[in-house]
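The values are calculated or read from the model by the stated rules, or taken from the named source; none is laboratory data. Keep in mind the model is a prediction, meaning the values are calculated, not measured. Glycine also receives a Cβ, built like all others from the backbone with ideal geometry; neighbour counts cover every protein chain displayed.
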Amino acid sequence: MGHHKKYSLFIFLLMTLHNLPAQPINRKQLVERHTIINTKFDSLASLSVGNGVFAFTVDVTGLQSFPNAYSKGVPLGTQSEWGWHSFPNTNQYEFKDALKTYQLNGRDVKYAVQWNGPEQNKNAANYYRQNLHRLQLGNIGLEIIKKDGSLYTLDDVKNIHQALNMWTGEIRSKFTVENIPVEVITFCHQQQDAVAVKVNSILIREKRFSVRLRLPYPTGNWADMGDNWESENKHQSVIVSKNSNNAVIQHGLDTTNYFISTQWNGSATLTEKAAHYFTITPTSANSFEIIFRFDEKKNNQPLPFFIATATNNRQQWQSFWQSGGAIDFTGSKDERAKELERRIVLSQWLTKIQCAGDNPPQETGLTYNSWYGKPHIEMHWWHAVHFALWGRIDLLEKSMAWYDKVAATAKAIAQRQGYEGVRWQKMTDNDGREVPSSVGAFLVWQQPHYIYFSELVYRQKNNIQTLNKYKDLVFATADFMASYAYFDSSKGKYILGKGVIPAQERFKAEETFNPTYELVYWRWALSTAQQWRRRLHLPPDKKWDEVLKQLSPLPVQNNRYLFTESATDSYTNPEFKTDHPSVFGALGMLPKTSMLDTAIMHHTFDWIWQNWSWKDTWGWDFPLTAMTATRLCLPEKAIDALLMPVTTNTYLSNGHNYQDGRLTIYLPGNGGLLAAVAMMCAGYDECKTVSPGIPKNSKWKVKWEGLKRMP
């Protein structure tokens, strides 16, 4: 063959190879190379299984054997969406006593706040802030008797090897007690609030092994670790039925009642060892299988067996990982790439088991209480937007149904304050109750979220059914936004505030107006709501148009955006370079609007990057910064932001975003990471660059699939 023919064949083969479709990511390998391994006790390394509405967190034994040892780390929680409790309102506090009147823009407006004034108001606010609170439903652990007859301790647990395989949904825990091996396999059923366990050990046959169920009483504190064994007389635990291999226990706390059903294989003895303390002791064999199900109401449906629960998990988790997006950094030379990939995989696991329910989750998910177990609706963006960007839009839509359920309460809040439409709650519960908060009552950046979520759904389900499903609340949300904007006749402009606290919670409500991020979000959301009207062949709303045409411009000083127009000392007051750099939200979370100048945002970004007190931030601030850097065409900064070595950007071995000793897990950080990295790979609407947030150098190699562009 001649030289010319050889060259032509080479070119043909090269072009053929070039046009071959890219090989799909091996998702099983991707997930399983980040299997979590524990080989020693670490109070911050507990592992969870769950299904989105229920989660169960275990120690190194594969159950919740040593809750006290983990109480200052990541606690051993058992929580559900439905499990709530209130202490009796013995003093007959009324919610109206938590309301305080503020004079804002020439009129009186009532807000539910934490009072520092009269005792009645203060106590009422504290009561409604504490109640309802989320319950820790129960503690399930192992009890092992040593040869000398004493109960084992954590110090007796040796040769630990514990693995969480996220591909199968299984925690497999191996250890020894007095050199005797014990293996515990733990699953959470994916459709029921149930935990299935299999134990292998000769300790069973030797009758030195039991499974323990203890039912704690709520602390009523800001946090609840699920290990309060005091107050025995304040609640009741009763065996309501018992057979040779199953039982039902009822737990009653004031007006809250729920049921724990259990079923086991073989023969075993159920004993009420003490108040709220039960043991199940198998009497034969070297293997023992048991399942516990937690139900809000008595459930007569048969319990699934261990093998059925295991099969259920393997099918459901494989389906989850094979659907939606995936990101693979194989071949990258930057030593941080492996860590970023680990955070991405583990964050998908954690947000699926803790945040994929029918209600917005609390910031500590279904592990332990923060802020009394209540969700914060401004955080719903950080908990849920990534589901849409990762091609799992159904998981976003599940929690969007909550807004329909609570809309009447949101409308009542708006009416009480003299506004139109619905004013979405900030700190709340499943039923949308308003919670007194001296900061939260004045936040408004949760308000446009519903429009943002609805637009994400429409982008993937572009049809009349989507428009009709969400239009009413899109329009009611916009109605509030338009009526909340105040026309300042001296400026000839609509302003936001006074009476607002921005997402950067460093400003006094009564003095603050026109925060930059909120101004941009207002313009984007009202414009998008008008677009929804056009899609439905409706005329534009005149009030929305009026606000849009006369909305205040963004406040600028020294070629940088002020954090709020009222804070002319944004760049000189040390207090204002802490907390969330929420001015970034004006571009990072949102597409570029006509009111924003990219060059000015560049100057703003550069100053914050160099001068911000990053140690005084929160976990979602790093993804926010990364998204802003990506839209400013700064991919190196985007990566640096996601992996900034700051305590609040720590990701523990179990994948949780650690903040501090009070807040050891923080799921908005995990959700934010996933949203940011999706945008860094798949881009955003006006983007013309492939993987705009990934550095274009030899150190980074990324392969991704199934991701959606951000607006």
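Of note:
- Pairs where the first residue, in the stretch 23-45, is within 21 Å of PRO67 (Cβ to Cβ) and the second is assigned to a helix (DSSP H, G or I) and of a type in the set (Phe, Trp, Tyr), C-beta under 6 Å, 6+ apart: SER43/TYR70
- For the stretch 407-416, the criterion of being of a type in the set (Lys, Arg), touching a residue at least 60 places away in the same chain (Cβ under 8 Å) and not in a loop (DSSP other than H, G, I, E, B) is met by at least one residue.
- LYS592, sole failed condition from (1) modelled with pLDDT of 95 or more; (2) assigned to a loop (DSSP other than H, G, I, E, B); (3) of a type in the set (D, E, K, R): (1)
- Test: residue in the stretch 466-489 that is at pLDDT 95 or above, crowded, with 22+ Cβ neighbours inside 10 Å and in contact with a Lys or Arg (Cβ under 6 Å, 6 or more places away or on another chain): yes
- A count restricted to the stretch 477-491 and to residues that are under 26 Å from the mean Cα position of the chain (by Cα) and either without any contact (Cβ under 8 Å) to a residue 24 or more places away in the chain or within 16 Å of ALA401 (Cα to Cα) (or both) stands at 1.
- Helices (runs of 4 or more DSSP H) contained in the stretch 598-711 and holding at least 3 residues crowded, with 24+ Cβ neighbours inside 10 Å, assigned by TED's automatic domain parsing to the domain that holds SER43 and of a type outside the set (A, V, I, L, M): none
- Any hit, the stretch 350-360, residues being of a type in the set (Asp, Glu) and crowded, with 21+ Cβ neighbours inside 10 Å: no
- Of the strands (runs of 3 or more DSSP E) lying entirely inside the stretch 41-122, those carrying at least 1 residues that are of a type in the set (Phe, Trp, Tyr), touching a strand residue (DSSP E or B) at 6+ places or on another chain (Cβ under 8 Å) and at pLDDT 95 or above are 54-58, 99-104, 107-112.
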